[in-house]
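Participant: My questions will all concern the structure given below.
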């Protein structure tokens, strides 16, 4: 099947649901058995089929099957949020005395979890330059168990050389886990690039409507899936029935929405790039971006999430620019149908690399007409210029 057909049909089994096209919402806690023998048999395969609502239902199994097929992995695990998928992966694969390598451009809640929680459990984290590539070899220790990548970074958009990093990590016995939320399974195939565990904050593009919290972990093989699934289940982490259903429903339009996000996002990025107030645009799909060549080699597309740096502008001028926007909302998430914009100055936390000097802003390009969005931004730039005079 071609990609769009696979998106429409992956994980669907109408024959198992009396012909229903979409799997219904299974609200389940208790699962009953006819005999003690059946109950004991289920205990021997705790993560296969229905056993208890926390371990999965036909609705969550359908979402997991669909995401796994799109990512090209072995099996997936649904969780209550994208962050739960990240923390569930880290806690499953690390123990006291282990060393973890994390890209310096990582999503801030991931950084905070490593610094505040893993450190208390005796796990050391080293943050590395996202552009390090094969140079990651110099940072891998005998105790290094995992290299965590996020490409591109969700605030500063550095594109990592995932195949080079994975090659060095595997040569030294370390696994590679990736936050693949920006690209989704449609724009980046993680397991073809050497990733062992791929993580989606399905809250974003997969759900697509800003109305559900959801995460998905996909593993390259049965051993990793079993290890992470057991750990996540032991921690009591699971996705809600309604959220899983919304993720599965949103998945069906993912390819169509991403095409629009990409087309409009590039149009907005080129407009922003043309403005005299802008020092640079951080969008790997633009020729001239530092990550463009690797993006062109490894990715098949780019959504409408990008950033830019201003040449100058006081806090008051930037706030005037953003506060007056009509078609952009101020909001920290992304991936929904609505356009969002946030100031990121001061929100980028680094320990291994430097950040932009000027004020920075991030845009999530929604599904509105891009000409309306451009006109809105143009008026915003006028307010910025007036406030900077």
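Participant: With the cut-off at 1.5 for a/c, could you classify the range 1-102 from its C-alpha gyration tensor as rounded, prolate or oblate? Walk me through the intermediate numbers first.
Facilitator: Working: a/c = 2.35, a/b = 1.13, b/c = 2.07.
Oblate, since a/c reaches 1.5 and b/c is not below a/b.
Participant: Residue 74 label point, 7 Å along Cα→Cβ, cut-off 15 Å on backbone N: hits in the range 173-187?
Facilitator: Correct set: 175-177.
Participant: Multiplying the sequence separation of residue 292 and residue 33 by 0.36 nm and subtracting their Cα-Cα distance, what value in nm do you get?
Facilitator: Numbers: separation 259, 0.36 × 259 = 93.24 nm, distance 5.59 nm.
Full-extension gain reported as 87.6 nm.
Participant: Would you please classify the overall shape of the range 120-252 from the alpha carbon gyration tensor, given that a ≥ b ≥ c denote the square roots of the eigenvalues, rounded means a/c under 1.5, and beyond that prolate means a/b larger than b/c while oblate covers the rest?
Facilitator: Values: a/c = 2.02, a/b = 1.47, b/c = 1.38.
Because a/c hits 1.5 or more and a/b exceeds b/c, the range 120-252 counts as prolate.
Participant: By average Cβ neighbour count within 10 Å, what is the ranking of 247-259, 280-292, 14-26 from highest down? Let's see the in-between values first.
Facilitator: Details: 247-259: 20.8, 280-292: 18.8, 14-26: 13.0.
The densest-packed peptide leads the list: 247-259, 280-292, 14-26.
Participant: To the nearest Å, what is the center-to-center distance of the range 53-100 and the range 205-281, using C-alpha atoms only?
Facilitator: 14 Å
Participant: Mind giving me the FRET efficiency for residue 48 and residue 330? R0 is 41 Å, r the Cβ-Cβ distance, nearest 0.05 is fine. Kindly include the intermediate steps, with their values, before the conclusion.
Facilitator: Numbers: r = 45 Å, r/R0 = 1.10.
My answer for the efficiency is 0.35.
Participant: Counting pairs of alpha carbon atoms under 8 Å apart in space and at least six apart in sequence, what relative contact order in percent does the chain give?
Facilitator: Numbers: 798 pairs, mean separation 66.1, N = 389.
Taking the mean separation of contacting Cα pairs over the length of the chain, I get 17 percent.
Participant: Give the separation of the Cα centroids, the range 105-120 to the range 174-199, in Å.
Facilitator: If you average the Cα positions of each part, the centres end up 20 Å apart.
Participant: Taking 0.36 nm per residue of sequence separation and subtracting the Cα-Cα distance, how much length would be gained by fully extending the chain between residue 367 and residue 120, in nm to one decimal? Spell out each step's value before the answer.
Facilitator: Values: separation 247, 0.36 × 247 = 88.92 nm, distance 4.29 nm.
Result: 84.6 nm gained on full extension.
Participant: If you don't mind, another one. Kindly put 13, 74 in sequence by how many other C-beta atoms sit within 10 Å of each C-beta, fewest to most.
Facilitator: On the way: 13 12, 74 15.
The fewest-first ordering by Cβ neighbours comes to 13, 74.
Participant: Where the eigenvalues come from the Cα gyration tensor of the range 95-141, what are the semi-axes √(5λ) of the equivalent ellipsoid, largest first, in whole Å? Walk me through the intermediate numbers first.
Facilitator: Details: eigenvalues 74, 41, 5 Å².
Equivalent ellipsoid semi-axes, largest first: 19, 14, 5 Å.
Participant: Which order do the peptides 108-117, 216-225, 54-63 come out in when sorted by mean C-beta neighbours inside 10 angstrom, highest first?
Facilitator: The peptides rank, most packed first, as 54-63, 216-225, 108-117.
Participant: Give the shape of the range 254-388 as rounded, prolate or oblate, defined through the alpha-carbon gyration tensor: a ≥ b ≥ c are the square roots of its eigenvalues, a/c under 1.5 means rounded, and otherwise the shape is prolate if a/b is larger than b/c and oblate if not.
Facilitator: Working: a/c = 1.66, a/b = 1.17, b/c = 1.41.
Oblate, because a/c is 1.5 or more while a/b does not exceed b/c.
Participant: For each of 132, 228, 165, count neighbouring Cβ atoms within 10 Å of the residue's Cβ, then give the residues from fewest to most.
Facilitator: Placing the least packed residue first, the sequence is 132, 228, 165.
Just so you know, all these numbers are worked out from the coordinates, no wet-lab data involved. Small disclaimer: the values here were computed from a predicted structure and weren't measured. Note that each Cβ is placed from the backbone with ideal geometry, even for glycine, and that neighbours are counted across all protein chains shown.
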